[in-house]
Structures are given as structure tokens and as C-alpha cells.
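Scroll down for the structure; my scribbles are underneath it.
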Amino acid sequence: MEEITAKVLGALESIRPFLNKDGGDIELIDIKDHKVYVKLQGNCNGCPMSFSTMKLGVENTIKQFAPEISEVISVE
């Protein structure tokens, strides 16, 4: 589990600069049953593009770093 967490955190670190550039950020909430729970913060929270950011950017990046992850879920 620690190995998966490290991979996911690495993935989040790799995309954080892009979110920061738009005045946003992302926080890892939990990893359970091969699902990652994250929370978008700042300008990313509630942004109309946040679904695309989550699915296309965050989920794809996390799956590149940690292929065992099946889904990334945004929590409010």
C-alpha cells in the first residue's frame, strides 16, 4: 500500500504545477480498493473544466505512475 501511495503522490506532484498555474491545487484524500480519492482546491474546485481536468489530466497521470489504480474520484 505504501508503494501505491508513493506512486500516486509522485503523480500528483507532477501535475501540481499545472494546477497551481491556474490558481488551484489537489489533495490526496484516500486510496481504497484501487481507487484514489482526491479533492480539487482553489480555482479548480467547482471550475467548469474540473471534470475534464480530473478525468483527462489527473486520472491519466495517476494511471501512468500507478497502473494498478482503476479509478480516480473527486470528493468535495
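The values are calculated or read from the model by the stated rules, or taken from the named source; none is laboratory data. What you see is a predicted model; the values in this text were computed from it and never measured. Here Cβ is always computed from backbone atoms with ideal geometry, including for glycine, and neighbour counts include all displayed protein chains. When the accessible area is computed, the model is the full protein with side chains, heavy atoms only, and any ligands, DNA or RNA have been set aside. Shrake-Rupley method; radii C 1.70, N 1.55, O 1.52, S 1.80 Å.
Condition first: open to solvent by 60 Å² or more (accessible area, probe 1.4 Å) and within 16 Å of Phe51 (Cα to Cα). Now tell me which residues in region 1-19 satisfy that.
Phe18
For region 1-21, which positions are in contact with a strand residue (DSSP E or B) (Cβ under 8 Å, 6 or more places away or on another chain) and of a type in the set (Asp, Glu)?
The answer is none; no residue qualifies.
Looking at region 23-44 only, could you name the residues that are over 15 Å from Ala66 (Cβ atoms) and either touching a Phe, Trp or Tyr at 6+ places or on another chain (Cβ under 9 Å) or without any contact (Cβ under 8 Å) to a residue 24 or more places away in the chain (or both)?
Gly23, Gly24, Asp25, Glu27, Ile29, Gln41, Gly42, Asn43
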